Structures are given as structure tokens and as C-alpha cells.
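Worksheet: one structure, shown below.
The values are calculated or read from the model by the stated rules, or taken from the named source; none is laboratory data. Since this is a predicted model, take the numbers as computed values, not measurements. With ideal geometry, Cβ positions are generated from the backbone for all residues, glycine too; neighbour counts draw on all protein chains shown. Heads up: the accessible areas ignore ligands, DNA and RNA and are worked out on the full protein's heavy atoms, side chains in. Shrake-Rupley method; radii C 1.70, N 1.55, O 1.52, S 1.80 Å.
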Amino acid sequence: MSLLDQFSDITKSDEPMAQYTWLKVGGPAQWFIEPRNLDELEAVVRACFAEGIPVRLLGGGSNILIRDEGVSGAVIRLASDAFRRVSVEGTTVKAQGAAVLSNVISESVKAGLAGLETLVGIPGTIGGAVRNNAGGRHGEVGQFVKSVGVMTIAGDRFVRQGDELSFDYRFSSINELVITDVTLQLVAEDADEVARRMHKLWVLKKSTQPLSFQSAGCIFKNPRGLSAGSMIEQAGLKGTRVGKAEVSDRHGNFIVTYEGATAKDVLNLIDLVKARVNEVHSISLETEIQIW
Ligand code: EPU
């Protein structure tokens, strides 16, 4: 029996991926699977492992570029509410991996817990945020992680404690297939004060980033001590277009896409920006977004 038969009610073949990503580009996944609960997820992962089918986990789709050729093998997405719960107990917040980061932030702030408000405006899921240590100049999610529940490519589940994890700039040592849940340790503070701080950061972010456009957050990592966005601006690249992809004129490190854009447009624009920045600044930019 093939994978498709065994999980036919949660599997789609050749499912176009563009709709699941913020850039709205990219080809189909050979199999696109949306398990309804943790046991079903485990069964799917075990079946793929047994059959030697490559598996990828798609998070919130906000830090990813999927090529026009699409993805061979299985793409799993955790769309069910069974993967999105958030609960607060004292100063500890527990969130399942596919909980939307903005929900985790708002639940924490409502409960008078400080820390995550610095992450306001970051799209995606808590799992995705933790895996890549999402953050910015005001803080990073990794500093609050007490433990994570993970599932390996073979379907085994275990807990990794904070002291066995390492976080760095847009990096974590978590390399299992799925982050099933995250436990965060925050600090109690006056809820209104935390909310005020969050609001100030939100206004600042909205004024400097194209948050309402189709984009994938920052495209490039900041080279140590430097700002990719400002180097791109200095190279005169803001507003540069390839097909229907454009370097944001609000922030140089964002690419926005318009109706009809392809992954090739975005990839060509990335290459053009890298080449020009290298010419002007003699610096080789490294992409921050995941490219499948
Ligand atoms: N700047 C320009 N022109 C631009 C963009 C920026 O001159 O087009 C200047 C700004 O004026 C500022 C400096 O560059 O003096 C830094 O800019 P900004 O404060 O916007 O921060 P950033 O380094 O570009 C980082 C993160 C963002 C995060 C912000 C705010 C990276 C690659 N980017 O951006 O993260 O939101 O700080 O905390 O580390 C992301 O990773 O996807 C992301 C958006």
C-alpha cells in the first residue's frame, strides 16, 4: 500500500505550494499531508521513514521560498488546532509548535508576562521562530526557551532541555524534523506596561518594514556588525524589479512580490542584489530565508 492510500483523507498529490507561503510563489509538493493530531503526525512520519520518502515540515510559510519546480517527497503542514494550543501557567508559557507566534505573544502579554513583546510583528509559528531563533535588535526567542518537544525523522519523540540547546544569530541547534511544543520562561510584569512597550515596537516596525505586502521578512542575514538593508539601499537597489519581484522601497532587505510573480523572479532578484552589493561593498550576502 502506498503512502497516499494509507493517508488518503489527509493527503493531496501535486498540491500547489504558493498559497501556503507569504511570497505566494513556488511549484507543487509531490505529496502534501495535513495530519489531524500528534498520533497521526507520528504515523505519517514513520510511514515516510519506512518507505524512504523525503519529508519536509512547512511552518507558517513566512521565511521560505519554494522553487517553481516544486518539492519531491512529502511536505507536512500542521494546520489543525490540535497543534496550535497555547497555555500560561505562572510565568511559564507552553505552546504547541504550530501556534502562531503572534498568538503566543498576545497570550503572554495579556497574562502580564514580559519578554516576547520584543518579537512583535514577526510572522510565522512559534516552532519556526524557535528553530531559527527569530528576533531582532530588541531580543530573540531563544533566550526564553526552557525546553522543546521534538519529533525525529524516524517518528521518535523526546524533550530537549534549554541547557542542551544552543542559540545564535538566526540559528538553533535543533535539527529534528518537528518541534511539537515549546516551553518558554518569561518574567512577571505589569500587563499594561508590557502592552505599551509592545505597541511602541509595533509602530516602529510598521514604519520601517513593508509588513502589509507579500514578503518573507528579511531575505539576507546581516553580516556581523553591518546592516544588509542599508548596504542594499546604498547600492541603489531599492525598487529594483525582476519580473514581478521587487526590492522593497521601504526596507532594502525585503523583497515584495506582485500577482504573477514566480520563484525564478525572486531568485534572479536575489542574485542581482548579491552581485551588486558585492561590487559596491565587497561583501558577499548570505540568504536568511529557507529555499526549497
Ligand atoms: N537601513 C537603511 N536602509 C534600509 C534598511 C535599513 O538605511 O533600507 C538602516 C536603518 O536606518 C538602520 C539600520 O539600517 O540604521 C538597521 O535597520 P533596521 O533597524 O531595520 O534593522 P535590520 O538590521 O535591517 C534586523 C532584522 C529584522 C528585524 C529588525 C528589527 C536581520 C537580517 N534583520 O533588521 O529581522 O525585524 O532588525 O529588530 O537580522 C528578519 O530576520 O526577517 C527580520 C525582518
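Observations on the structure shown:
- Mean Cα-pair separation over length for the chain, i.e. relative contact order, pairs under 8 Å, 6 or more apart, %: 17 percent
- Dimensions of the range 161-255 from C-alpha coordinates, computed as largest minus smallest value along each principal axis and given longest first, are 44, 37, 27 Å.
- Packing, as the average of other Cβ atoms within 10 Å across residues, places the peptides 281-287, 217-223 in the order 217-223, 281-287, highest first.
- Karplus-derived HN-Hα couplings along the range 107-123 (A = 6.51, B = -1.76, C = 1.60, θ = phi - 60°), whole Hz, x at Gly and Pro: 4, 5, 5, 4, 7, x, 10, 9, x, 6, 4, 5, 9, 3, x, 7, x
- PHE213 versus GLN19: modelled label distance in nm, points set 7 Å from Cα along the beta carbon direction: 2.6 nm
- Computed E for ARG224/GLU279 - FRET, C-beta separation, R0 25 angstrom, nearest 0.05: 0.75
- For the range 203-258, radius of gyration divided by Kirkwood radius, i.e. Rg to Rh on alpha-carbons: 0.95
- When Rg and Dmax are taken over the Cα atoms of the range 41-180, they come to 15.3, 47 Å.
- Average 1/r across all pairs of distinct alpha carbons in the range 77-158, invert it, and you get the Kirkwood radius: 13.1 Å.
- Radius 9 Å from Cβ of LEU78, net charge of other residues (Lys, Arg +1; Asp, Glu -1): +1
- Taken about its Cα centre, the chain carries a charge dipole of about 820 debye when Lys and Arg each add +1 at the Cβ and Asp and Glu each add -1 at the Cβ.
- Fraction of the pair-distance distribution of the chain above 34 Å, Cα-Cα pairs, percent: 23 percent
- Centroid-to-centroid separation of the range 210-265 and the range 65-98 [C-alpha atoms, Å]: 26 Å
- Shape analysis of the range 210-291 yields a ratio of the Cα radius of gyration to the Kirkwood radius, Rg/Rh, of 0.93.
- Linear extension gain, SER166 paired with HIS138, 0.36 nm per residue minus alpha-carbon span: 8.2 nm
- Computed packing ranks the peptides 265-275, 159-169, 236-246 as 265-275, 236-246, 159-169, most packed first, by mean other Cβ atoms within 10 Å.
- Of the beta bridges in the range 3-81, as assigned by DSSP with both residues counted there, near 40 percent are antiparallel.
- Loop-located GluC sites (Glu not before Pro) across the range 63-129 with a Cβ neighbour count of 14 or fewer within 10 Å are GLU69, with loop assigned by DSSP.
- Residues in the chain average 47 Å² of solvent-accessible surface per residue, probe 1.4 Å, ligands and nucleic acids excluded.
- Put simply, the Cα atoms of the range 43-100 extend 46, 28, 16 Å along their principal axes, the longest span coming first.
- Per-residue 3J(HN,Hα) values for the range 221-230, derived from phi via the Karplus relation 6.51 cos²θ - 1.76 cosθ + 1.60 with θ = phi - 60°, read 6, 6, x, 2, x, 10, 10, 4, x, 6 Hz in sequence order (x marks Gly and Pro).
- Surface composition of the chain: carbon plus sulfur atoms hold 48% of the accessible area, using a 1.4 angstrom probe and ignoring ligands, DNA and RNA.
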